[in-house]
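The values are calculated or read from the model by the stated rules, or taken from the named source; none is laboratory data. Being a predicted model, the structure only gives us computed values, none of them experimental. Note that each Cβ is placed from the backbone with ideal geometry, even for glycine, and that neighbours are counted across all protein chains shown.
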Amino acid sequence: MKRRKLKKIWIIIPIVLVIILAYPCFVAGQIISQGYGIGSVFKIVTTGIKDKVLENDYSKTLEEALKSNDFEKDNIDSYLTIEYHEKKNFIKRINNLVSKGYSQADINLINEKINDDMVEKLYDHELIKDISKYLAFDYFKSDNLFRYIEYYYGDYEEAVLYVNIGLDRDFYEDANVITEFSTTVLANKYNKLDENFEPDNIVQIKSSCSKGEEYLSKEAQVAFEDMCDAALEDDMHILANSAYRSYENQQEVYDTYLNLYGQNYVDNYVALPGYSEHQTGLALDVAARDYNTFRNSPEYEWMLENAYKYGFILRYPEDKQDITGYKNESWHFRYVGKEIANYIQENGITYDEYYVMFLDK
């Protein structure tokens, strides 16, 4: 009997040993099948995180963490969840952001939208609990993050939008200088046209649509004449009163109005040279043939209802001075093209807002 028992034991022992020895190989095989390399598998097994790894899909971030000297076992959940990005010191970045209290969802957004220099500033800054609210917008700019936070007063979208326009700074402060023409160029109190800036293909507006010799860039000129002719069919007589002005012309206009009406007037109605849309060749002041004051004319109402159909917008609407920097100018229209004009008309926004939302990449 004893011999039989001993014989059974000697049979069982090798089987158990085979199972014991085979199990790690089985586990390793499972981990390898997920996509991890041999070196990573060894570290996964020896650090005791195999169960966590097997419960999840392959993670490139975890693989890179396992290869890195910055690997921290306590951050395994973050490594498994956070999307991989080709970033400088990527694993160290994750560790630092986790230690500051950022969620995995926030870190994914931070990695996608915030540049390396700004991320390093986050390490020394207190946790921004609502950071994802700023990052949610396509027009978020990494370098402006702390400006958004300082400007915020209850509306995250406005904070991002208005800071991108420049509304957290004084007018004419650190203006962006523009040298190249495009039909979408933005000239305002934060974007200055170079002294030598000239629009492409300046063409004179036909006399039936103009009070004198006025010029626009070709595309705007064609569109304005089409609009002028369409207005005439409705017995409306719109005329170009003042269109393209050079940098030097704008200086003359500014000085004239400053001498006549003073600083407060020009601050609200007249642009400094370089900051005027008239220099773009895409803007013009519109007059009605039979009215001295355009706002009191039926042509003004016609323009409000129809200008967008020809690619023009009222550039400085009522109640938008905080955004545009100018009081309402019922006569000042700007060519932006039909698609953009239609969007602005439907959404009741300014061109400044549209520009930073869709064009200022």
I'm trying to understand the selection: among the residues of region 320-350, which are aromatic (F, W, Y) and touching a strand residue (DSSP E or B) at 6+ places or on another chain (Cβ under 6 Å)? W331, F333, Y335
Scanning region 300-332 for residues that are touching a Lys or Arg at 6+ places or on another chain (Cβ under 8 Å), part of a helix (DSSP H, G or I) and not basic (K, R), the one surrounded by the most Cβ atoms within 10 Å (Cβ to Cβ) turns out to be Y310
What are the residues in region 260-272 that are surrounded by fewer than 21 Cβ atoms within 10 Å (Cβ to Cβ) and either in a loop (DSSP other than H, G, I, E, B) or more than 30 Å from the chain's Cα centre (by Cα) (or both), if any? L260, Y261, G262, Q263, N264, Y265, V266, V270, L272
Among what's in region 177-209 and is of a type in the set (A, V, I, L, M, F, W, C), part of a strand (DSSP E or B) and within 28 Å of the chain's Cα centre (by Cα), pick the residue that is farthest from G337 (Cα to Cα). V177
On the phi > 0 side of the Ramachandran plot and either modelled with pLDDT under 95 or not polar (S, T, N, Q) (or both): is that true of G35 in this structure? yes
Which of the numbered conditions does E120 fail, given that it passes all the others? Conditions: (1) acidic (D, E); (2) in a helix (DSSP H, G or I); (3) within 18 Å of the chain's Cα centre (by Cα). (3)
In contact (Cβ under 8 Å) with a residue 40 or more places away in the chain, over 24 Å from Q204 (Cβ atoms) and in contact with a helix residue (DSSP H, G or I) (Cβ under 7 Å, 6 or more places away or on another chain): does that describe L239? no
Determine whether region 138-159 contains at least one residue that is in a loop (DSSP other than H, G, I, E, B) and either touching a Leu at 6+ places or on another chain (Cβ under 8 Å) or in the same structural domain as F312 (by TED's automatic domain parsing) (or both). yes
Scan region 48-64 for residues that are more than 35 Å from the chain's Cα centre (by Cα), among the acidic types (D, E) and in a loop (DSSP other than H, G, I, E, B) and jot them down. E55
Please find, within region 66-83, the residue that is nearest to Y102 (Cα to Cα) out of those that are among the acidic types (D, E) and in contact with a helix residue (DSSP H, G or I) (Cβ under 7 Å, 6 or more places away or on another chain). E83
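Take region 66-91 and flag every residue that is assigned to a helix (DSSP H, G or I) and over 30 Å from the mean Cα position of the chain (by Cα).
Scanning region 66-91 gives L66, K67, K73, D74, N75, I76, D77.
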Hey, L80 surrounded by 14 or more Cβ atoms within 10 Å (Cβ to Cβ), of a type outside the set (S, T, N, Q) and not assigned by TED's automatic domain parsing to the domain that holds L54 or not: no
Residue check: is Y172 surrounded by fewer than 17 Cβ atoms within 10 Å (Cβ to Cβ), in a loop (DSSP other than H, G, I, E, B), in contact with a Leu (Cβ under 8 Å, 6 or more places away or on another chain) and not acidic (D, E)? yes
